[in-house]
Amino acid sequence: MSFSYRTKNELSRVSTKRRCCMLAELAGIIHISGVVEISGRGRYSLKISTENASLARRIFVLFKEIYKINVEILVRKNTRLRKKNSYFLIVPTSNHTKQILTDTCSIYRDNNGQIVVNEDIDKNLIAKRCCKKAYLRGAFLGGGSMSDPEKMYHLEFVTHRQGYAKSLCELLNYFEIHAKIIERKNNYVVYLKEGEHIVNLLNIMGAHSSLLEFENIRAYKDMRNNINRIVNCETANLTKTINASMRQIDNIEYIKKTLGYDKLPQSLKEIAELRLNYPDASLKELGQMLDPPIGKSGVNHRLRKLDKLADDLRQGKIEDGL
């Protein structure tokens with residue numbers, strides 16, 4: 001069972017007692033996933049399909065609580081690729097259907113007598129903050145999905161209408177959730193990619209168990225990423241230290257072979273011997289072995305002088321003396 005499916009199961013069990021919130025949630029479901037069929041003489045029918053049994057039960061209860069009607073439910077068993085069953089909830093042509101569509105979708109006739117479904121979210125439906133939350137819950141149940149947070153942070157709503165996508169973005173922005181819109185295969189996708197925004201939306205919709213699971217995954221990933229950064233940094237520093245040590249040892253051995261230690265100042269001779277004897281030691285450790293001890297900068301200064309001396313010898317600038 002996917003993370004998105006579990007989230008919808010949880011949202012389908014959120015307790016809603018106010019009629020205004022139930023209507024806003026039902027409007028979100030219908031507006032984003034409902035199919036309206038219009039026949040002659042202004043007759044309407046409404047169909048909603050889903051593969052989530054909990055959501056189908058939720059929609060059935062909302063119709064019953066708000067309009068005191070029992071909608072028809074058809075179940076189609078999908079055998080291909082072991083897909084889940086499909087549930088079709090149908091409100092047949094009746095006086096209730098027109099009232100439902102007027103309440104949830106602001107359906108109306110234009111000046112030419114054509115039936116039009118308003119693309120914008122009805123402001124009266126979401127006048128209260130609690131209704132705004134309920135509407136977003138319904139929109140996610142009807143046309144939303146989430147990626148597995150183990151892989152990536154992505155939540156989206158898919159709709160066929162650009163105007164509705166913009167209206168949904170405005171509603172999300174009310175809660176300071178900054179969504180974006182892209183067009184994909186003749187659909188409009190309202191999406192979130194920031195983990196913080198997804199967490200806020202889960203909280204607003206009432207998916208608290210999914211929120212905790214998401215946060216646990218996010219905290220684990222952040223910790224793992226921090227550890228990886230630290231390890232990578234330490235590995236890079238260690239590699240740098242080893243490469244520097246190998247270069248210094250190579251230069252010291254070249255000086256010893258061509259010039260000899262006798263012609264080196266005592267300070268350079270001491271640090272050269274320590275570097276040869278302790279190739280894995282850091283600059284700080286080498287400095288503490290000297291008598292008297294010196295700091296990292298002092299050790300680095302002496303080793304750089306040895307490096308320069310070896311370069312000069314290789315270039316023939318020094319033949320037999322400093």
(request) Please specify each residue of the range 14-57 satisfying the condition of being basic (Lys, Arg) and in contact with a Gly (Cβ under 9 Å, 6 or more places away or on another chain). (result) LYS47
(message) Just to be sure before I move on: is ILE242 among the β-branched types (Val, Ile, Thr), within 30 Å of LYS284 (Cβ to Cβ) and surrounded by 12 or more Cβ atoms within 10 Å (Cβ to Cβ) in the structure I sent?
(response) yes
(request) Identify the residue in the range 1-39 that is part of a helix (DSSP H, G or I) and hydroxyl-bearing (Ser, Thr, Tyr) and, among all such residues, is surrounded by the most Cβ atoms within 10 Å (Cβ to Cβ). (result) THR7
(request) Confirm whether LEU212 is free of Cβ contacts under 8 Å to residues at least 12 places away in the same chain and under 28 Å from CYS21 (Cβ atoms). (result) yes
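Here's the yes/no breakdown for (1) under 30 Å from ASP148 (Cβ atoms); (2) among the charged types (D, E, K, R); (3) not in a helix (DSSP H, G or I):
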position	(1), (2), (3)
ARG218	yes, yes, no
LYS221	yes, yes, no
ILE227	yes, no, no
GLU234	no, yes, no
GLU253	no, yes, no
LEU276	no, no, no
(request) Could you grab the pairs with beta carbons closer than 6 Å, sequence gap of 6+ or different chains, first residue in the range 1-26 and over 12 Å from CYS131 (Cα atoms), second one among the basic types (Lys, Arg)? (result) LEU11/ARG137; SER12/ARG58
(message) Quick check on my filter: what residues within the range 123-154 are over 25 Å from ILE217 (Cα atoms) and not in a helix (DSSP H, G or I)?
(response) LYS123, ASN124, LEU125, ILE126, ALA127, LYS128
(message) Here is a check on your reading of the model: is LEU202 in contact with a strand residue (DSSP E or B) (Cβ under 8 Å, 6 or more places away or on another chain) and surrounded by 12 or more Cβ atoms within 10 Å (Cβ to Cβ)?
(response) no
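Bear in mind that the values in this text are calculations on the coordinates, not laboratory data. Keep in mind it's a predicted model, so treat the numbers as computed, not measured. Please note: Cβ atoms are built from the backbone with ideal geometry, for glycine as well, and neighbour counts cover all protein chains shown.
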